Amino acid sequence: MDGRTWLGQRRADVVAAYDAEAPDYEEYPNDAQRDWVGRLLAECPDGGVVVDAPCGTRRYLPHIADAGIAVVRIDQSAGMLEQARLRNIAVALHHVGLQEMSFAAEFDAAVTIDAMENVPPEDWPPVLANLHRAVRAGGLLYMTVEETDSSDLDEHFTRLTGDGHPAIRGEIIEGDVAGYHYYPPIGQVLTWFDEAGWQPIAEGFTQEDGWGYRHFMLRRLGSG
């Protein structure tokens, strides 16, 4: 099986899993993420618009709306988007993935939380380009990037390639709701940011149980 077909199947599995879990999906609390969202909101203009991409069952939506910021939500999972609709807070909902979003300078900022780990390496550059196009010049993006132990990546790479899968190091298939994960080297992430026109202006890290979150606040460069 070629790599693109394999990744297409992985993405379909992720969407199907989130659709099935959506009615009962419970996000774990993360105060660090909430604090970073607050920092982003503090720099948004009054009456600004933020895109929550993808939104999941985001607990941050009231947090953003309470700050007087309008929220547009997107998600590739119809099930997750339905949960967002039931909250009746977003000004618009769009059933679209990060890879397909085509907004043009419509938002003052974007948040991409708990999402990029489901994006394969081939799709990181177009996703970052889509987010760059969606946000107005000088706007912000808050993005989380997951990290895990290097030995775990080695173990999964050996197993996947041994089973004949066209995987690269950093790709993991697990039995949880997310199914497919990709953990890129942080150096590669910074290169992708630079190539897409995103300038890191703040960075942090929080350790979780056996893995961690890298937090990035990015500013959109360029006038187009």
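Given the rule -39500 (n - 2.57) for each run of at least 4 DSSP H residues, summed and divided by the residues of the chain, what is its mean residue ellipticity at 222 nm, to the nearest 500 deg cm²/dmol?
Values: 7 runs with 82 residues, N = 224.
Helices in the chain give a 222 nm mean residue ellipticity of -11500 deg cm²/dmol.
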Farthest towards the positive end of the dipole of the range 11-158, among ALA12, ASN30, PHE107 and with Cβ unit charges of +1 on Lys and Arg and -1 on Asp and Glu, lies the Cα of PHE107
Checked the range 94-224 against the a/c 1.5 cut and the a/b vs b/c comparison, axes a ≥ b ≥ c from its Cα gyration tensor; verdict prolate
In whole Hz, the Karplus estimates of ³J(HN,Hα) for the range 115-120 (6.51, -1.76, 1.60; θ = phi - 60°; x where Gly or Pro) are 9, 5, 5, 8, 9, x
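Given axes a ≥ b ≥ c from the Cα gyration tensor, I'd like to know whether the range 132-199 is rounded (a/c under 1.5), prolate (a/b larger than b/c) or oblate. Before the final figure, lay out each step's value.
Details: a/c = 2.73, a/b = 2.31, b/c = 1.18.
Note, shape of the range 132-199 comes out prolate.
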The relative contact order of the range 78-224, taking Cα pairs under 8 Å that sit 6 or more residues apart, comes to a percentage of 26 percent
Ranked output for segments 147-155, 11-19 by mean other Cβ atoms within 10 Å, highest leading, reads 11-19, 147-155
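Express the accessible area of the chain per residue in Å², computed with a 1.4 Å probe while the remaining protein chains stay in the model. Display every interim value, and only then the final one.
Working: 9930 Å² over 224 residues.
That works out to 44 Å² per residue.
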Taking Cα atoms only, helix 124-134 is inclined relative to the longest principal axis of the chain by an angle, in degrees rounded to 10, of 10 degrees
For the range 174-222, the dipole about the Cα centre with charges only on Cβ (Lys and Arg +1, Asp and Glu -1), to the nearest 20 debye, works out at 320 debye
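In whole percent, what relative contact order does the range 110-164 give with Cα contacts below 8 Å and a gap of six or more residues? Intermediate results must be reported in sequence, preceding the final value.
Values: 25 pairs, mean separation 28.7, N = 55.
Relative contact order, the range 110-164: 52 percent.
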One point scatterer per Cα, no solvent, Debye formula: log10 I(q)/I(0) for the chain at q = 0.11, 0.14 Å⁻¹ comes out as -0.52, -0.87
Among LEU190, LEU140, LEU98, the residue with the largest mean-square fluctuation in a Gaussian network model of the chain built from Cα contacts under 10 Å is LEU190
Under the rule rounded for a/c under 1.5, else prolate if a/b exceeds b/c, else oblate, using alpha carbon gyration tensor axes a ≥ b ≥ c, the range 72-150 is classed as oblate
Inter-part gap, Cα centre of the range 182-196 to Cα centre of the range 64-83, in whole angstrom, is 26 Å
Inter-part gap, Cα centre of the range 206-224 to Cα centre of the range 121-149, in whole angstrom, is 9 Å
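Counting Lys and Arg as +1 and Asp and Glu as -1, each charge on the Cβ, what is the dipole of the chain about the Cα centre in debye, to the nearest 20?
920 debye
The values are calculated or read from the model by the stated rules, or taken from the named source; none is laboratory data. Here the structure is a predicted model, which means the values were calculated and not measured. Cβ sites come from the backbone with ideal geometry, for glycine too, and all protein chains shown count toward neighbours. Note: areas computed on protein heavy atoms with side chains; ligands, DNA, RNA excluded. Shrake-Rupley method; radii C 1.70, N 1.55, O 1.52, S 1.80 Å.
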